[in-house]
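Asker: Can you read through this structure? Questions will come right after.
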Amino acid sequence: MIRMLSFFSKFRSGIESVKNKLTSSIKDIFHGKKFDPSKLDELEALLYVADIGVEATQNIIATAKRDCYEKDSKTDLKSLKVVCKDILLDILKGAECSLPSLLSTPKNASDPENPPIILKNAVRHVSCPYDGRTQNLENKSVNGNTYGSGSTYKEDSENHTAKNTFTPFVIGLVGTNGCGKTTTAAKLASFFIKRGKSVLIGACDTFRAAANEQIRSWSQQLHCDLIEGQSGADPASIAFDSCQAAISRQKNVVILDTAGRLPNNANLMSELVKIKKVIGKINPQFPQHLWLVIDAHLGTNGITSALKFHEALGISGIIVTKLDGTSRGGAVVGIYQKLHVPIYFIGTGETDDALVPFVIHDYVCALVGA
């Protein structure tokens with residue numbers, strides 16, 4: 001059995017600087033003293049620095065004033081934390097989402113002894129990461145599984161619906177440039193592999209320089225299959241071949257890493273819409289999930305672009321990355337308050353295990369130091 005650290009300990013260590021700054025400042029304001037209304041401005045500024053959001057901050061200040069000042073009660077640090085904690089828990093109600101369908105292993109799961117491969121979609125050959133062998137895929141098969149040539153998908157092509165009844169769980173990752181999608185794809189792969197799932201990654205970022213090299217390095221470290229293409233290849237074609245290969249090799253989870261893009265660019269956003277449409281030709285369920293990766297450094301400033309992604313694609317979940325390197329640890333609150341989309345994971349570092357499922361109670365306790 002895999003020994004897993006609790007979310008609470010991992011998350012607290014990941015945002016230690018945020019927690020320390022928030023709780024130490026609160027101590028400076030309210031340490032052992034009767035509630036002073038003149039300190040409300042300092043508390044409000046502190047909450048804004050943590051990027052908890054305007055609505056949440058105003059709610060906390062109003063509640064603190066009503067319960068701690070107008071009632072003329074002696075307020076200590078513990079009382080203030082209770083106020084903050086209760087309000088944040090109420091705001092985030094519904095943000096936590098379990099992963100039962102992802103974590104249940106299908107009966108016909110892939111044979112763990114079946115060696116991982118790297119399929120180079122556009123150049124039509126397979127590189128085996130352990131012995132360097134290369135095979136031509138034109139009218140050929142690998143380990144008994146036949147793969148497509150990686151040609152650009154066309155709407156008038158023949159019916160590609162897979163005859164195999166095996167259905168992998170397909171997750172698409174989208175987001176702006178530099179938000180950490182590729183690293184997150186690798187972390188997700190590691191998360192599922194450690195829980196006994198077989199994973200295939202589709203390298204659909206054919207625009208960014210060295211994107212293939214980065215995800216290929218990760219896939220080799222994690223021993224999971226990878227479908228990749230040459231620079232400039234059609235991302236929808238790679239996504240299509242990834243899903244087909246996962247069905248053929250009976251992989252439990254497919255993770256599609258897409259190129260970063262600005263949501264105000266209609267042409268770039270249409271590429272993501274095309275990916276959804278193309279893999280939907282294989283199975284109308286694909287992708288079962290489309291997760292938006294948000295850089296915590298942007299804080300609530302990233303909400304506008306997140307709303308546009310959601311409007312165009314119908315985002316089903318959120319992953320917040322880089323929380324370990326920012327003072328905006330409270331950004332999760334403002335993001336959820338605007339989008340009302342479940343938050344599945346929090347990124348707290350660069351290692352492959354620095355991605356933990358989002359748990360509301362543990363997040364709030366880590367944030368306010370409760």
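The values are calculated or read from the model by the stated rules, or taken from the named source; none is laboratory data. As the structure is a computational prediction, the values presented were derived from the model and not from experiment. Methodologically, a virtual Cβ is constructed for each residue, glycine included, from the backbone with ideal geometry; neighbour enumeration extends over all protein chains shown. Surface areas here come from the heavy atoms of the whole protein model, side chains and all, with no ligands, DNA or RNA. Shrake-Rupley method; radii C 1.70, N 1.55, O 1.52, S 1.80 Å.
Asker: Given +1 on the Cβ of Lys and Arg, -1 on the Cβ of Asp and Glu, and no further charges, what dipole in debye does region 246-341 carry about its Cα centre, rounded to the nearest 20?
Answerer: Details: 11 positive and 5 negative charges, 62 e Å.
So the dipole magnitude of region 246-341 works out to roughly 300 debye.
Asker: Which order do peptides 203-216, 83-96 fall in by mean Cβ count within 10 Å, highest first? Could the numbers behind the result be given before it?
Answerer: Numbers: 203-216: 19.9, 83-96: 17.7.
In decreasing order of mean packing, 203-216, 83-96 become 203-216, 83-96.
Asker: So with the 1.4 Å probe, I'd like the accessible area per residue for region 243-283, rounded to whole Å². Intermediate values should be presented prior to the final figure.
Answerer: Details: 1430 Å² over 41 residues.
Here the per-residue accessible area is 35 Å².
Asker: How much accessible area does residue 81 have with a 1.4 Å probe, in Å² rounded to the nearest 10?
Answerer: Accessible area, nearest 10 Å²: 40 Å².
Asker: Also, I was wondering about something else. HN-Hα J couplings of region 183-192 from phi, Karplus 6.51/-1.76/1.60, θ = phi - 60°, integer Hz, Gly and Pro as x?
Answerer: With coefficients 6.51, -1.76 and 1.60, one gets 5, 5, 4, 5, 5, 5, 4, 4, 4, 6 Hz.
Asker: While we're on this one: Take the residue pairs 197/276; 194/277; 65/322; 281/338; 194/322; 81/308 and return only those whose Cα atoms are more than 25 Å apart. Spell out each step's value before the answer.
Answerer: Numbers: 197/276 23 Å; 194/277 31 Å; 65/322 33 Å; 281/338 32 Å; 194/322 22 Å; 81/308 35 Å.
Violating the 25 Å Cα-Cα cut-off are 194/277; 65/322; 281/338; 81/308.
Asker: Can you work out ³J(HN,Hα) from phi for every residue in region 167-176, in order, using Karplus 6.51 cos²θ - 1.76 cosθ + 1.60 and θ = phi - 60°, giving whole Hz and x for Gly and Pro?
Answerer: 10, x, 9, 9, 10, x, 10, 10, x, 7
Asker: Still on this structure, please answer the following. Report, by chain and number, residues whose modeled amide H sits under 5 Å from the one on residue 256, excluding near sequence neighbours (fewer than 5 apart, same chain).
Answerer: Under 5 Å from the amide H of residue 256 lie the amide H atoms of 171, 172, 173, 202, each far enough along the sequence or on another chain.
Asker: Can you list residues from other chains, or at least 5 along the same chain, whose modelled amide H is less than 5 Å from the amide H of residue 229?
Answerer: 121, 122
Asker: Still on this structure: Could you tell me which of rounded, prolate or oblate describes region 257-311, using a ≥ b ≥ c as the square roots of the eigenvalues of the alpha-carbon gyration tensor, with rounded for a/c under 1.5 and, failing that, prolate when a/b is larger than b/c and oblate otherwise?
Answerer: Working: a/c = 2.64, a/b = 1.83, b/c = 1.44.
Cα axes put region 257-311 in the prolate bin.
Asker: Right, something else. Please give the FRET efficiency for residue 221 paired with residue 44, using the beta carbon to beta carbon distance and R0 = 35 Å, rounded to the nearest 0.05. Please list the in-between numbers first.
Answerer: Details: r = 45 Å, r/R0 = 1.29.
Between residue 221 and residue 44 the formula returns 0.20.
Asker: Continuing with this model, one more query. Roughly how many nanometres apart are two label points built 7 Å out from the Cα toward the Cβ at residue 65 and residue 97?
Answerer: 3.6
Asker: Just name one of 316, 304, 275: the one whose Cα is farthest towards the positive end of the charge dipole of region 273-370 (beta-carbon charges, Lys/Arg +1, Asp/Glu -1).
Answerer: Selected residue: 275.
Asker: Report, by chain and number, residues whose modeled amide H sits under 5 Å from the one on residue 176, excluding near sequence neighbours (fewer than 5 apart, same chain).
Answerer: Distant-sequence amide H within range of residue 176: 261.
Asker: Okay, moving on. Which order do the peptides 345-358, 256-269 come out in when sorted by mean C-beta neighbours inside 10 angstrom, highest first?
Answerer: Numbers: 345-358: 19.9, 256-269: 17.6.
Answer by packing, highest mean first, reads 345-358, 256-269.
Asker: So, in nm, how far is label residue 55 from label residue 86 when the simple model puts each one 7 Å beyond its Cα toward the Cβ?
Answerer: Between residue 55 and residue 86, the label points sit 2.0 nm apart.
Asker: I need the peptides 331-341, 181-191 ranked by packing, meaning the mean over residues of other C-beta atoms within 10 angstrom, with the highest value on top. Mind dumping the intermediate values first?
Answerer: Working: 331-341: 21.8, 181-191: 24.4.
Order by mean packing, descending: 181-191, 331-341.
Asker: Let's test the formula: R0 of 56 Å, r as the Cβ-Cβ distance of residue 231 and residue 79. What FRET efficiency results, to the nearest 0.05?
Answerer: Working: r = 58 Å, r/R0 = 1.04.
My answer for the efficiency is 0.45.
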